[in-house]
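Enquirer: Quick one: this structure, given as structure tokens, is what I'll be asking you about.
The values are calculated or read from the model by the stated rules, or taken from the named source; none is laboratory data. The structure presented is a predicted model; accordingly, all values stated were derived computationally and were not measured. No Cβ is skipped: glycine too gets one built from the backbone with ideal geometry, and neighbour counts run over all protein chains shown.
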Amino acid sequence: MRRTCFALAVALAVTVAAAAAIAAQKTARPAADAPLPVRYEELSAPDFVRAVSRSGATCVVPLGILEKHGPHLPLGTDLIDCREVSLRAAAGEYTIVFPPYFVGQIFEAKHQPGTIAYGSRMMLDFLQQTCDELARNGLKKIILVNGHGGNDAFLHYFCQSQLETRRDYVVYLFEPAYDKATEDKLDKLRKTTLDGHAGEEETSVMLAHHPELVRLDRAKDESGEDQKRQAGLKNAYTGIWWYAGQPNHYRGDGSAGNAAFGQALLEAEANALAEMIRSVKADTVTLGLQNKFFDDAAKPLETKPFVKKK
Ligand SMILES: [Zn+2]
């Protein structure tokens with residue numbers, strides 16, 4: 001008798017506890033408009049589902065690299081700066097920002113300490129599989145934001161290679177259009193004429209948001225001049241061109257860097273990226289074109305001439 005009573009009491013207690021837990025779960029479920037982190041790695045799984053919806057299925061992948069940045073900036077300068085631009089843009093126009101991505105093209109700096117240069121096929125496969133996995137998780141509009149000059153040709157080729165096989169997502173590459181008002185404003189703050197790697201621009205950006213990582217007193221320890229070692233070669237391109245001109249993997253003069261110029265650069269980039277994210281969210285054309293292209297590509301003999309609708 002006492003044992004039955006005890007068992008009933010336990011069963012009742014368990015039921016009450018379970019009901020309380022369910023009620024707590026219900027009340028703990030965030031409202032649809034509750035704040036969400038923008039950083040991919042900070043989202044919980046249930047929040048990720050809401051984030052995919054709130055972002056309009058967009059995701060930003062900030063691509064940097066690990067390479068020397070003159071004698072005075074950190075190896076991850078492109079990673080650090082590019083993610084900052086992405087986070088600032090996402091603060092204005094909600095999107096999910098992927099963790100810092102450092103698999104890219106950097107063969108030309110293999111002679112310098114700290115460079116991590118993966119092979120060509122690895123680069124392509126890694127980025128394609130990252131995009132495939134993002135799309136499998138509902139992020140069908142993937143925005144690549146490049147912070148590393150050495151990635152330019154690779155990322156354009158990567159975008160072209162999206163037409164190799166049909167896919168249910170679109171890869172967009174951030175390419176800010178020339179804006180005269182912005183350029184004029186930046187030119188007023190600019191002090192040097194030669195720049196391109198760890199020079200005035202990159203040093204200024206780092207001074208604007210991570211000054212503790214800049215060793216400005218070392219900026220003149222090495223030459224960032226163009227050494228013009230292939231000057232005799234006319235109308236030609238070779239893979240060694242960057243090393244020929246910039247053997248120190250430094251182009252420009254970082255000692256001219258200043259935080260005000262860096263802030264202006266960050267602001268201009270973040271504004272342009274936020275504008276792009278808005279347009280990507282609203283884009284209903286590109287995936288349709290991509291699908292039509294693959295339909296036609298399967299039966300090229302049946303492709304009709306394109307006639308513009310009036
Ligand atoms: Zn850089």
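Enquirer: Restrict the check to segment 151-168 and report whether at least one residue is surrounded by 15 or more Cβ atoms within 10 Å (Cβ to Cβ) and within 13 Å of the ligand (Cβ to nearest atom).
Expert: Checked segment 151-168: at least one residue is surrounded by 15 or more Cβ atoms within 10 Å (Cβ to Cβ) and within 13 Å of the ligand (Cβ to nearest atom).
Enquirer: Also, quick follow-up: For residue 107, only one of the following conditions fails: (1) touching a residue at least 40 places away in the same chain (Cβ under 8 Å); (2) crowded, with 19+ Cβ neighbours inside 10 Å. What is its number?
Expert: (2)
Enquirer: Inspect segment 143-156 for any residue being assigned to a helix (DSSP H, G or I) and of a type in the set (Phe, Trp, Tyr) and give the result as yes or no.
Expert: yes
Enquirer: Determine if segment 34-50 includes at least one residue that is within 16 Å of the ligand (Cβ to nearest atom) and assigned to a strand (DSSP E or B).
Expert: No - not one qualifying residue is present in segment 34-50.
Enquirer: Residue by residue through segment 61-98, note down the ones that are in contact (Cβ under 8 Å) with a residue 40 or more places away in the chain, within 11 Å of the ligand (Cβ to nearest atom) and within 15 Å of the chain's Cα centre (by Cα).
Expert: Hits for segment 61-98 are 64, 65, 66, 77, 78, 79, 80, 81, 82.
Enquirer: Need the failing condition index for residue 181 against (1) part of a helix (DSSP H, G or I); (2) closer than 27 Å to residue 115 by Cα, just the number.
Expert: Of (1) part of a helix (DSSP H, G or I); (2) closer than 27 Å to residue 115 by Cα, only one is false for residue 181: (2).
Enquirer: Just wondering, is there one or more residues in segment 34-51 that are surrounded by 15 or more Cβ atoms within 10 Å (Cβ to Cβ), touching a residue at least 24 places away in the same chain (Cβ under 8 Å) and more than 21 Å from residue 131 (Cβ to Cβ)?
Expert: yes
Enquirer: Quick check: anything in segment 290-298 of a type in the set (A, V, I, L, M) and under 30 Å from residue 93 (Cβ atoms)?
Expert: No, there is no match, as no residue in segment 290-298 is of a type in the set (A, V, I, L, M) and under 30 Å from residue 93 (Cβ atoms).
Enquirer: Another question, then. Kindly evaluate residue 135 against the criterion of being within 17 Å of the chain's Cα centre (by Cα), modelled with pLDDT of 95 or more and surrounded by fewer than 11 Cβ atoms within 10 Å (Cβ to Cβ).
Expert: No.
Enquirer: Looking only at segment 80-105, how many residues end up being farther than 14 Å from residue 271 by Cβ and in a helix (DSSP H, G or I)?
Expert: 4
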